[in-house]
1. Explain nothing, just the number: relative contact order of the chain, from Cα pairs under 8 Å at least 6 residues apart, as a whole percent.
2. Residues of region 13-40 with backbone nitrogen within less than 14 Å of a virtual label 7 Å along the Cα-to-Cβ line of L77, please, listed as ranges.
3. Distance in nm between label sites at A63 and R110, each 7 Å beyond Cα in the beta-carbon direction?
4. Run the helix sum for the chain: -39,500 (n - 2.57) per DSSP H stretch of 4+ residues, divided by residue count, reported at 222 nm to the nearest 500 deg cm²/dmol.
5. If you bin every alpha carbon distance in region 2-108 into 10 Å steps from zero, what whole percent lands in each bin?
6. Based on Cβ point charges of +1 for Lys and Arg and -1 for Asp and Glu, what charge dipole magnitude is obtained for the chain about its Cα centre, in debye rounded to the nearest 20?
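None of the figures in this text is laboratory data; all of them are computed from the coordinates on show. Because the structure is predicted, anything quoted here is derived from the model rather than measured. Glycine also receives a Cβ, built like all others from the backbone with ideal geometry; neighbour counts cover every protein chain displayed.
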Amino acid sequence: MIFHLVPLTDWTAEPELPYAPPSLAADGFVHCSADRPTALAIAGTHYADVPGTLLAVELDERALTSEVRREGESGDLYPHVHGPLNRDAVLRVWEVVRTPGGPAELVPWRRPAH
């Protein structure tokens, strides 16, 4: 499994389509994390100022229709998905709960009832 961090508003914008974040067009891939601790660390550093609800989408790497490559610099390798994320590869969606001055944690995301 791998994790992709995404603001709730982006993830729910077009739920009937595969998810293609801006990084896919800009960088040629979707940034992911190989495990929960890394996803939480990235949430704290790269998403600290992102307002609203932040999600961690847990993906079954084997079910993704786009190629996954381990890439990076300085010996740190991160899973990069070279194409959109097909939503049927989603195992779970987690909410990143950020506590001021404390560590973030993942809790199961509960889709609001309409």
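1. With pairs under 8 Å counted, the relative contact order is 31 percent.
2. 34-35
3. 2.3 nm
4. That comes out to -4500 deg cm²/dmol.
5. All Cα pairs considered, the percentages come to 14, 50, 31, 4.
6. Value, rounded to 20: 300 debye.
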